[in-house]
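A.B. asks: Before I ask anything, let me first share the structure, which is written out below as structure tokens.
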Amino acid sequence: MDITLIQSHLKNYGFWATVYDIGYRGVNRILRYDSLRGIWISFSNLNKKYLEAPPQFEARFLSQQEIASLARDPESHVSAPFAEIALAKDDECYAIFDGARIASFGWYSQKPTLYRPRLTLHFDPSYVYMYHGYTFPEYRGKRLHAVGMSRALKAYSDRGCKGLVSVVESNNLESLRSCYRMGYKVFGNLRVLGLFDKLWTFQGRGCKAYNFSLETTPQ
């Protein structure tokens, strides 16, 4: 973590949050340690201002053909195998368009989903798990990711879903702040400890209400 990033953290998040981030990164130089916040939001808790996108943008779910096109774009960080796995379990991709171009997108699932290699996230299927959100660099700073999540939340709420759940690393202060502004709340913590080829997972008490857990798979 370079001095410029430390100064930026101090300015934006304060002393103790910066110390936590430095410590978190330091521990991960020695062993694998993930400290994750399980978060949720319902439509009633949503800050409704995020439903409004700038006039030139359109928001909707992608078709399978559009997903295939997205997977051919190396800048999207969506590979063909990733898209195939997501579509095979009926996941959907909700995107914001600037004309014909995708500016921002996120993936949504009601089935167990690979969080990271060897770790599969399980959750209550009456909620929708939001994952792999991405905004192309030239569109950042317009809060399009928040708008996309808000529009997707409304769409799923109209279908009868209770809301969205997601996972954010505890030191990802920018993402957490953005989620809190939208109306997300933390319901519990997940932790992962890895040493050599072994992985252990731990769930906080708040995770039980959402059937939230990480399942490890062999290497």
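The values are calculated or read from the model by the stated rules, or taken from the named source; none is laboratory data. These figures come from a predicted structure and were not determined experimentally. Cβ sites come from the backbone with ideal geometry, for glycine too, and all protein chains shown count toward neighbours.
A.B. asks: Quick check on segment 28-60: of everything there that is surrounded by 13 or more Cβ atoms within 10 Å (Cβ to Cβ) and aliphatic (A, V, I, L, M), which residue is nearest to Trp107 (Cα to Cα)?
C.D. replies: Checking each candidate, the answer is Ala59.
A.B. asks: Also: Among the numbered conditions (1) under 18 Å from Met149 (Cβ atoms); (2) in a loop (DSSP other than H, G, I, E, B); (3) not small (Gly, Ala, Ser), tell me where Asp90 comes up short.
C.D. replies: (1)
A.B. asks: Counting only residues that are of a type outside the set (A, V, I, L, M) and more than 22 Å from the chain's Cα centre (by Cα), how many does segment 19-62 have?
C.D. replies: Keep residues of segment 19-62 that are of a type outside the set (A, V, I, L, M), which gives 20-21, 23-26, 28-29, 32-35, 37-38, 40, 42-45, 47-50, 52, 54-58, 60-61.
Imposing the further condition that a residue be more than 22 Å from the chain's Cα centre (by Cα) reduces the set to 23, 26, 29, 54-56.
Residues that pass the stated criteria total 6.
A.B. asks: Determine whether Val186 is touching a residue at least 12 places away in the same chain (Cβ under 8 Å), in a strand (DSSP E or B) and surrounded by fewer than 17 Cβ atoms within 10 Å (Cβ to Cβ). If you could, list the steps in order and put the result at the bottom.
C.D. replies: Details: touching a residue at least 12 places away in the same chain (Cβ under 8 Å): yes; in a strand (DSSP E or B): yes; surrounded by fewer than 17 Cβ atoms within 10 Å (Cβ to Cβ): yes.
Yes.
A.B. asks: Identify all residues within segment 70-87 that are surrounded by 14 or more Cβ atoms within 10 Å (Cβ to Cβ) and hydroxyl-bearing (Ser, Thr, Tyr); write none if there are none. It would help to see each step written out before you state the result.
C.D. replies: In the first step, residues of segment 70-87 are kept if they are surrounded by 14 or more Cβ atoms within 10 Å (Cβ to Cβ); the result is 70-71, 76, 78, 82-83, 86-87.
The answer is Ser76, and nothing else.
A.B. asks: Only residues that are assigned to a loop (DSSP other than H, G, I, E, B), of a type in the set (A, V, I, L, M, F, W, C) and farther than 24 Å from Leu119 by Cα: list them for segment 1-44, please. Quick ask: steps written out before the conclusion?
C.D. replies: From segment 1-44, those assigned to a loop (DSSP other than H, G, I, E, B) are 1-2, 14, 28-31, 42; that's our starting set.
So of that shortlist, the ones also of a type in the set (A, V, I, L, M, F, W, C) come out as 1, 30-31.
Residue satisfying the conditions is Met1 alone.
A.B. asks: If you go through segment 154-173, how many residues are free of Cβ contacts under 8 Å to residues at least 60 places away in the same chain and in a helix (DSSP H, G or I)? Step through it out loud before you land on a result.
C.D. replies: Of the residues in segment 154-173, the ones free of Cβ contacts under 8 Å to residues at least 60 places away in the same chain are 156, 158-161, 172.
If we keep only those that are in a helix (DSSP H, G or I) as well, we get 156, 158.
So the answer is 2.
A.B. asks: Next question, about the same structure. Just to be sure before I move on: is Gly106 surrounded by fewer than 16 Cβ atoms within 10 Å (Cβ to Cβ) and either in the same structural domain as Arg72 (by TED's automatic domain parsing) or assigned to a strand (DSSP E or B) (or both) in the structure I sent?
C.D. replies: Working: surrounded by fewer than 16 Cβ atoms within 10 Å (Cβ to Cβ): no; either in the same structural domain as Arg72 (by TED's automatic domain parsing) or assigned to a strand (DSSP E or B) (or both): yes.
Against the criterion (surrounded by fewer than 16 Cβ atoms within 10 Å (Cβ to Cβ) and either in the same structural domain as Arg72 (by TED's automatic domain parsing) or assigned to a strand (DSSP E or B) (or both)), Gly106 does not qualify.
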